[in-house]
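Working notes, structure below.
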Amino acid sequence: GVLERLLADSGFVGVQQRTVVLPLRMPSAAQALTMMQDAFGAYRAVVSDSPESVRMAAWTEVAERLKVFETPAGFVAAAEVLVAAGVKPR
């Protein structure tokens, strides 16, 4: 409901939200890890107050877990994307 509230609070009406299930495809698990480290602030926040050695160990473990999703065609994992839309009245 957060995304819908943001749109409604911004003046949009008829706000609708849908969850779209799709595969996340990337060339490799290593690139998926880089995307997670760069784009997902919530993941960084979990370890941000930890010593460097703990952060490195955590990211190493994540990298190992991501390898499960490597295929001959690259990295493929299930993902969900929230799509929301509304109309801005004139």
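Would you check if there is a residue in the stretch 22-34 being loosely packed, with under 13 Cβ neighbours inside 10 Å, touching a residue at least 24 places away in the same chain (Cβ under 8 Å), within 29 Å of Ala8 (Cβ to Cβ) and aliphatic (A, V, I, L, M)?
yes
Residue by residue through the stretch 45-90, note down the ones that are in contact with a Lys or Arg (Cβ under 9 Å, 6 or more places away or on another chain) and open to solvent by 80 Å² or more (accessible area, probe 1.4 Å).
Those that are in contact with a Lys or Arg (Cβ under 9 Å, 6 or more places away or on another chain) and open to solvent by 80 Å² or more (accessible area, probe 1.4 Å): Ala73, Leu82.
State all residues of the stretch 1-46 that are over 16 Å from Leu66 (Cα atoms) and among the acidic types (Asp, Glu); if no residue qualifies, say none.
Glu4, Asp9, listed by residue number.
Give the residues of the stretch 35-44 that are free of Cβ contacts under 8 Å to residues at least 24 places away in the same chain and either open to solvent by less than 60 Å² (accessible area, probe 1.4 Å) or more than 30 Å from Val13 (Cα to Cα) (or both), sorted by residue number.
Met35, Gln37, Asp38, Gly41, Tyr43, Arg44
The values are calculated or read from the model by the stated rules, or taken from the named source; none is laboratory data. Everything numeric in this text was worked out from a predicted model, so none of it was measured. Here Cβ is always computed from backbone atoms with ideal geometry, including for glycine, and neighbour counts include all displayed protein chains. Accessible surface areas use protein heavy atoms only, side chains included; no ligands, DNA or RNA. Shrake-Rupley method; radii C 1.70, N 1.55, O 1.52, S 1.80 Å.
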